[in-house]
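Worksheet: the structure to be examined is printed underneath.
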Amino acid sequence: MFKIFSNDPVHDPIKKQESITEIKKTTCYMCACRCGIRAHLRDGELVYIDGNPEHPLNQGVICAKGASGIMKQKSPARITQPLLRKAGSNRGDGEFEAISWDRAFEILTKRLSHIRATDPKKFALFTGRDQMQALTGLFARQFGTPNYAAHGGFCSVNMAAGMIYTIGGSFWEFGGPDLDQAKLFVMIGTAEDHHSNPMKIALSKFKRAGGRFISINPVRTGYSAIADEWIPIKPGTDGALFMALMHELIRLEKYDAPFLKRFSNSAQLVCMDDGAEEGLFLYDPDSDPINLDLPHNKYIWDEQTQSAQPCFKQGTSPVLLGEYTMGPGPHQGKKVVPAFELLKRQVSETTPEWASAITSISAERIRKLALEIADTAFGQEFELPISWTDSWGEKHDSVTGRPVAFHAMRGLSAHSNGFQTTRGLAVLMSLLGTIDRPGGFRHKAPYPRQVPPNAKPPSSENDIKPNTPLAKPPLGWPTQPEDLALDSQGNPLRIDKAYSWEHPLAAHGLMHNVITNAVKGDPYSIDTLMIFMANMSWNSTMNTMEVREHLNAKNSDGEFKIPFLVVCDAFQSEMVDFADLVLPDTTYLERHDVMSMLDRPISEFDGPVDSVRIPVLEPLGECKPFQEVLIELASRLKFPAFTTPEGERKFKDYPDFITRFQTAPDSGIGFLGGWRGKDGEKPLKGEPNPNQWEKYAENNCVHQYHMPPEHQYMRNWNKGYLDFSKENALRQKNDPIMIAVYSDILQRFRLAATGKRPGAQPPAHLKDRIYKYFDPLPFWYPPLEDEVTDLSKFTLNAITQRPMAMYHSWDSQNAWLRQIHSHNYLYVNTATALTHGIADGAWMWIESQWGKVKCMARHSEAVDPETVWTWNAIGKAESAWSLSDNADESKKGFLLNHLISEKLTLGGFTVSNSDPITGQAGWYDVRVRLAPAGDDELQETWPQVKAHEVPGMSLKKEAGK
Ligand code: SF4
């Protein structure tokens, strides 16, 4: 009775409960963190999920979402059979007939084989937050269509691209803060959803060890609530803060000069002469370029000889500042400066006072922050006695710790200035010397990679041919205008205009523009759009109501403008209504899956880690994993990689594909790195092992490879690690990965805009845009939407974030999680709300220039007075997700997306409301105003939208038992 007062544990998670007959291990997918879980079964029925204590990522920790997976499994919103829209019905009416999988595959095979044989780009495959982009990308490439991307263009491509184009790695799956060794942690623009359990575990240890945690965010929720200090900031202004911090560090000479000289391009000489070389590094024809893609044979200015010297020559002393003239040689007489000199000039005016007026943080606080990060980085420097050898053969006895760690995500990313903002953060971290050092930012395999990685997107019509795989992968990393995905007339090759002059470095595509572009035939029409796990008629789109109209738009002949729409989903999302063909997916508990080194693995700082899902339950009804759908279609369509030389099907099913597929004949590299080799004796690389799945099953569904300590730090320039990464195909080359404080890649695009560079040039109407935004150094500019907004009317910023109890739109169907959030409020600073006459809990209107929404207000002191915010994707269409007609989600919950425009007209032409460099959706840029709802107004959210139950959900009673 008084057990709670004793020292005995109330609940022993290790002890097997009597009623449990079986425990199976797999990997969670209630969010993207991929924690190890244990599914507890009683006579084959799932009764309990907990964290796997033996899993390296979460070590037994489980969150509310993870434990509630059981109610996702039992969701009455499960779709259980393939469905075909009834002839003559409209999309959105939800009129379907059930069909067999054989018929579904026949329909798809006939349609897709015709497209593939005639014009492969008429097939587009776009996916949501899936964890199998290596497979979906391979499918698109083998099909021969460039029209493929996942959700990154809507989510955080600015974070990925801004960092990867600067330091060769990024936050989230590819790197993160080393909180075990940090003393100061600065988190900026991060909600709870990115790195949930691992971040919570790390933060609790960090705080217990006495670390200081500063959160910079317009909203103080989640992680920010336990920060030692919260610094509110206006959305979209983080870049200005970084510019001011760099200004202060350089003004005070508090930067890691030896690190910058040796490991970044800061000391390398940039040509200042007008013409084709202006702003580009000069190259020494007598030195080895080492890497022909991104040559290393540049110059530095040597302080001792007062001359330009090859940049890695022994015995030289590079300078970071000054202006020089090249002496005798191939560049004689050219004016040059070290790149760092240009950075210093770039930040000369970005004072704390300048940033204060933009960010709403006081100049004094910015100065104090600059001093604090510098004092921690340099004043608390430490050495770890780990010897390592750098790329130039120099041996080092230790690695230096600079214990300032940062973490950032969508709060920086989802703005139209997010790429340059992220570049600003990456350069700031580089000034502090915290890249892949103890206590700072650390990479996770397969990163670091070349700056940027060597894959290039298709760049001509010749890369896209009928019945032929694409010559290049659909997504890649341009380094020059010639890499853009343009036809010979300069028109976009892709339906989403990724890699066009409108968004040249669109590394994750622009899924948010696909439907509108396809309906408008801009740049061309398509035939079949296949959507997997993306709710594009609701929360994964910007102008929701218009997109819903687009999905039903018809030509004058009565045919749909997007002739065939295939939706694969496990649940009755708002998107399912619009499908012509619905493919019922399984849940994560019913399928095999891999978190692959070819994609986004769960690597740790100390080495590569990949993991799998192994089914713990049989699929419900006729559900089939999308993985199996792709393998089946690829086999039926006879893609080369899925067909034997004799023309036969190569892989029996998805598990067989994962076991036997290799990236190239006999490469020894496949989707999984664990237990390779015939007997499973080889890590990372080796022949296929027929028993590989069994080995993962025996080992907590995870393969962890620990590198020796001498390979764990300074990996951009660590010879031992770079050799290891090349040997195991994490990289193609083993040359050093220099930090691009100055990006000559961006400068190439800028030169194209000025006409000074030979080769491809932007069209006249985009020249100024390219010139302005492709600054080779970070800079801050206001979000593009500000240019077309009356800021005196729309004075407030509006943003969203995902709650820690729900992930995307998946969890409003979850009977347990709905008890935490069944509807969302608009959180408004109390003073702001009172100024507008809006009471706590009252109905109100939030309006942008693009639309308005009725919602309920919640007063809050934990939000900046000029910002309002809400949880994302809790509001639902009526009857969607098998919720009742009067569910809170549709009557009280609301979607901020109705206020956001997909397109902006800037300077007389219309473009995507996205970052002009990467195409990242600028959905955090919207400006709004507030008004109380009238007493006579209906107390329910507006707009109201209706979804429909689909056949097969009659199994819902059985599913929900
Ligand atoms: S953090 Fe994400 S992956 Fe981990 S248990 Fe929670 S929902 Fe599952």
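The values are calculated or read from the model by the stated rules, or taken from the named source; none is laboratory data. Predicted model, so just to flag it, every value in this text is computed and none were measured. Counting neighbours? That spans all protein chains shown, and the Cβs are built from the backbone with ideal geometry, glycine included. Quick note on the areas: whole protein, heavy atoms, side chains included, nothing else; ligands and nucleic acids left out. Shrake-Rupley method; radii C 1.70, N 1.55, O 1.52, S 1.80 Å.
Details
- Residue count for the range 42-55, restricted to those that are buried (at least 17 other Cβ atoms within 10 Å of the Cβ) and either within 30 Å of the chain's Cα centre (by Cα) or away from the ligand (no atom under 16 Å from the Cβ) (or both): 5.
- Residues (crowded, with 18+ Cβ neighbours inside 10 Å and in contact with a Gly (Cβ under 8 Å, 6 or more places away or on another chain)) located in the range 481-498: Pro481, Asp483, Arg494, Asp496, Lys497, Ala498
- Among strands (runs of 3 or more DSSP E) entirely within the range 160-236, having at least 1 residues that are buried (at least 24 other Cβ atoms within 10 Å of the Cβ) and more than 16 Å from the ligand (Cβ to nearest atom) singles out 175-177, 184-188, 212-216.
- Matching residues, the range 761-784, being assigned to a helix (DSSP H, G or I) and in contact with a Ser or Thr (Cβ under 7 Å, 6 or more places away or on another chain): Tyr771, Leu784
- Selection within the range 665-686 - over 16 Å from Glu727 (Cβ atoms) and of a type outside the set (Phe, Trp, Tyr): Pro665, Leu672, Gly674, Lys678, Asp679, Gly680, Glu681
- Among residues of the range 140-157 being more than 18 Å from Lys497 (Cβ to Cβ) and at pLDDT 95 or above, the one that is most open to solvent (accessible area, probe 1.4 Å) is Arg141.
- Taken together, Ala39, Ala77, Ala87 contain a single residue that is within 16 Å of the ligand (Cβ to nearest atom), among the small types (Gly, Ala, Ser) and either more than 25 Å from Ala947 (Cα to Cα) or out of contact with any Leu (no Cβ under 7 Å at 6 or more places or on another chain) (or both), which is Ala39.
- Of all residues in the range 21-36, those satisfying the criterion of being crowded, with 16+ Cβ neighbours inside 10 Å and either more than 9 Å from the ligand (Cβ to nearest atom) or more than 13 Å from Leu589 (Cβ to Cβ) (or both) are Lys24, Lys25, Thr26, Cys31, Ala32, Cys33, Arg34, Cys35, Gly36.
- Meets criteria (open to solvent by less than 10 Å² (accessible area, probe 1.4 Å), among the hydrophobic types (A, V, I, L, M, F, W, C), within 13 Å of the ligand (Cβ to nearest atom) and at negative phi) for Ile115: no
- Output for the range 795-823, where each listed residue is in contact with a Pro (Cβ under 8 Å, 6 or more places away or on another chain) and either touching a residue at least 60 places away in the same chain (Cβ under 8 Å) or surrounded by 22 or more Cβ atoms within 10 Å (Cβ to Cβ) (or both): Asn797, Ile799, Gln813, Ile820
- Strands (runs of 3 or more DSSP E) contained in the range 283-372 and holding at least 2 residues touching a residue at least 40 places away in the same chain (Cβ under 8 Å): 335-338
- The set of residues from the range 904-955 being assigned to a strand (DSSP E or B), open to solvent by 50 Å² or more (accessible area, probe 1.4 Å) and touching a residue at least 40 places away in the same chain (Cβ under 8 Å) comprises Thr905, Arg929, Pro932, Trp942, Lys946.
- Within the range 513-563, if we keep just the residues that are buried (at least 21 other Cβ atoms within 10 Å of the Cβ) and aromatic (Phe, Trp, Tyr), the residue that is farthest from Trp871 (Cα to Cα) turns out to be Phe532.
- Exactly one residue out of Gln761, Gln819, Gln813 is within 16 Å of the ligand (Cβ to nearest atom) and polar (S, T, N, Q): that is Gln813.
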